[in-house]
């Protein structure tokens, strides 16, 4: 291991520090000069781009189109929807002026008091208000519906305690905003997009998720129902990974968006919104990585295969270069992204550690003996297993290995979660288990008061009321009152 | 023509109104509730996405990677580079607070005076300052160079007079920011990216451009040299379509970014930045479109081919549907994006006008007689020419037709420009010609004073000192002083 890597804290020592170390050392992101705002570095951004591209394809396949709405929102718009303003006004960046001027003492620039805005503008924390004020002009008749728009954008929420990717003042996300003629259609859309998110999480991020609905306390401000996917991190904490909201007619009423239906009657429009963010980067990192660094699912790895030569002299390197060139070309033909690193200013050991840190799924190494024997060493990042194989048809082998790694990472995360979901029947048991972490399925009487009490006493929240699984009724572990079904608790990011 | 289209102003009547009508009626963009900020509608955004994808591929082919830097910039950062602050402080959105609270009279929300920021933050008008403050941490040695980063982002400049796409308070763009060990390498990078922009403009947007350098007056605030591509719009005005800046060591000095060179000596880093924005949408629209609507180059058209059926009854439609399905499948196989519009609630005439308005390059129409004769009507949007052809191998014909349209649109724009570049030798001639529009090549004595005088008296600016073309020296048309070569003048957007 190269010297630099010795500083990566072990998960068992301090999970939180391990995460921060990893994000910074693997060149994913770093803090910026602006409080709570991160710089997403090229390697981190390359992973995010792969996520974006895949999600965007899935949105388009389900009939959505992209658009772009303003960054700034008039302050008064936030107040239109009573719950929405409660949820978002407390933590937003406010633009009050539109000009700076040279300070009278010449020491730089100051805000020009003459350039005060009549109405302050808010940097969007989410775009329901500006979008529904726009949809008002787009919708007159049932023939204008549905509208199925998505936007990729930056948003800002003035979080007090921030962590790279997981909670930052500015973050990148997509937000879908759809408008429908009927309640049923809007509800179906909210569920459809939840399923798209779950599909993406499981089949691309290799991260198993539990789909469910949020309790009233945890619902999006302004939603009638919030659907969520919840994942379990290696430290036993939950991470909400995507939400899809059925907004009812709340925003249509707030912005007076009505349409004339087929019977020529005016009706308010039904709405959904749904989003995932750069938070998914945090989920991806924490789901699979280990004490050596990142472990990336091949489907989202910017570099899927790295090839490193080991050589005694320039002549030998030239021979390896030539041999590897053929392998690289054939891997690319199979659609595999591959990097051949024959840089001379770094030793093989440094390269090995660096690509392990960066989570490259497969490493191939060719040395002098390999050259003689027509062999190559293959290492898979997920298990760190090495084997030496013939070069014949190595490309096909690597392709299958990548598919196997994708599956294996998912299975590992799935097994971890299976071993860390607990059915608990008493509040004492609950308190004991929550300290150890994991998902807990327990009965709850359905009241916000009991939920609040559990949160205050244990720091655990209801992650969701699962859409699938055990629906047997029972008694609330806290109050003994009737419970319709077990709900999912955890401490959460 | 459908009724809605009658409202599209003719170019000859009012070019400016024609442009605004077209942007709105073709569903490209519209004004939002926030002064100067636009909503980019799905059809407009789909064109922008095609531009983005192509440019992004070209950036990556030239070795660049994407990253993301904060939206907000500490006010003091702007002051670090003297010219930069002059250029950008006057028109920026200033964040002063980070919280709203409920008004004491309960009438909505007000800014919470307790949540005032210690230092105000600026919404980025461009990101040199925040990026160079970051690069300081990334660069120690010559081995860390070059850094070749690009970001796709929104930026904000508080323009007083705005026009959709051409000049908006918020706009979308990409900004490349590179760091180099030598002056030569940075200069070469600035020129390389200018050439990428010119390639994109000419071969994708079908828009001929003149490459050149800006005069000192028109230079980017903080640059040593600004390279530009300039295009001529149909009304005889110029549109600056992309700029690439050689920044020298200005930002490295402002943010103290030094590296240790191969001789172990500290040196300031050399820089470039380069950008194109949603302004290119305006350039695209104005370069090719006509009184019937948009004319899009096939390479950037979201829909390249539309197929419309004309039928008497459901039985006939079913037969046309079946016949067209084969054509659609074969067009898709050729990588052509095609839409079959058999919607029953709109008449063919309405569809024809709508797709003309939206600039779909090729329209195919199949009616009852075509069905019998195995023929189809082909219309090309650029010339509006129609012909009836056999369906046999129609896909290959359409593919070639799209390539021909791409070429023809470029040639038309090129010929228009050639007919509207004038060599002028006296200031009187200049004043006369500038009223009629077009590019003017004239001698200038190289001083800012003369440039200012020309601008004050004629509203014309020096668009660039061309990199190619006639380099014969002469005498300034205004002062008679020596001129190194003719420079390019125009009134500009």
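The values are calculated or read from the model by the stated rules, or taken from the named source; none is laboratory data. For clarity, every value in this text was computed on a predicted model and none was experimentally measured. A quick note on method: Cβ atoms are made from the backbone with ideal geometry, for glycine too, and the neighbour counts reach across all protein chains shown.
Given the criteria in a helix (DSSP H, G or I), surrounded by fewer than 21 Cβ atoms within 10 Å (Cβ to Cβ) and not assigned by TED's automatic domain parsing to the domain that holds residue B:198, does residue B:89 qualify?
No; evaluated as a whole, the condition is false for this residue.
Suppose we filter A:55, A:72 for residues that are surrounded by 19 or more Cβ atoms within 10 Å (Cβ to Cβ), more than 7 Å from every other protein chain (Cβ to nearest Cβ) and at pLDDT 95 or above; which single one remains?
A:55
If you check B:13, B:49, B:30, which single one turns out to be in the same structural domain as residue B:170 (by TED's automatic domain parsing) and either at positive phi or within 15 Å of the chain's Cα centre (by Cα) (or both)?
B:49
Please pick out the residue among A:28, A:78 that is in contact (Cβ under 8 Å) with a residue 40 or more places away in the chain, over 22 Å from residue B:68 (Cβ atoms) and in contact with a strand residue (DSSP E or B) (Cβ under 8 Å, 6 or more places away or on another chain).
It is A:78.
For the stretch B:131-227, please list each of the strands (runs of 3 or more DSSP E) lying entirely inside it that holds at least 2 residues being in contact (Cβ under 8 Å) with a residue 12 or more places away in the chain and within 13 Å of another protein chain (Cβ to nearest Cβ).
Per the criteria, B:147-156, B:170-180.
Would you point out the residue of the stretch A:472-484, among those that are assigned to a loop (DSSP other than H, G, I, E, B) and in contact (Cβ under 8 Å) with a residue 40 or more places away in the chain, that is nearest to residue A:211 (Cα to Cα)?
A:477
Which numbered condition trips up residue A:302, out of (1) touching a helix residue (DSSP H, G or I) at 6+ places or on another chain (Cβ under 8 Å); (2) surrounded by 23 or more Cβ atoms within 10 Å (Cβ to Cβ)?
(2)
Go through the stretch A:448-471 and give me each residue that's farther than 17 Å from residue A:209 by Cα, part of a loop (DSSP other than H, G, I, E, B) and modelled with pLDDT of 95 or more.
Across the stretch A:448-471, the qualifying residues are A:459, A:460.
Out of the residues in the stretch A:430-446 that are surrounded by fewer than 18 Cβ atoms within 10 Å (Cβ to Cβ) and free of Cβ contacts under 8 Å to residues at least 12 places away in the same chain, which is nearest to residue A:493 (Cα to Cα)?
Taking the candidates together, the pick is A:435.
Quick check on my filter: what residues within the stretch A:21-31 are surrounded by fewer than 22 Cβ atoms within 10 Å (Cβ to Cβ) and in a loop (DSSP other than H, G, I, E, B)?
Of everything in the stretch A:21-31, just one residue is surrounded by fewer than 22 Cβ atoms within 10 Å (Cβ to Cβ) and in a loop (DSSP other than H, G, I, E, B), namely A:27.
Output the residues belonging to the stretch B:104-130 that are part of a helix (DSSP H, G or I) and either facing chain A (nearest Cβ under 7 Å) or under 34 Å from the mean Cα position of the chain (by Cα) (or both).
Hits for the stretch B:104-130 are B:128, B:129, B:130.
Can you report the number of residues in the stretch B:80-103 which are at the interface with another protein chain (Cβ under 7 Å from one of its Cβ atoms), at pLDDT 85 or above and in contact with a helix residue (DSSP H, G or I) (Cβ under 6 Å, 6 or more places away or on another chain)?
5
Would you pick out the residues in the stretch A:258-277 that are crowded, with 22+ Cβ neighbours inside 10 Å and either without any contact (Cβ under 8 Å) to a residue 40 or more places away in the chain or not in a strand (DSSP E or B) (or both)?
Listed by number, the list holds a single entry, A:269.
Does the stretch A:303-315 hold any residues that are over 14 Å from residue A:354 (Cβ atoms) and within 21 Å of the chain's Cα centre (by Cα), and which are they?
Residue satisfying the conditions is A:304 alone.
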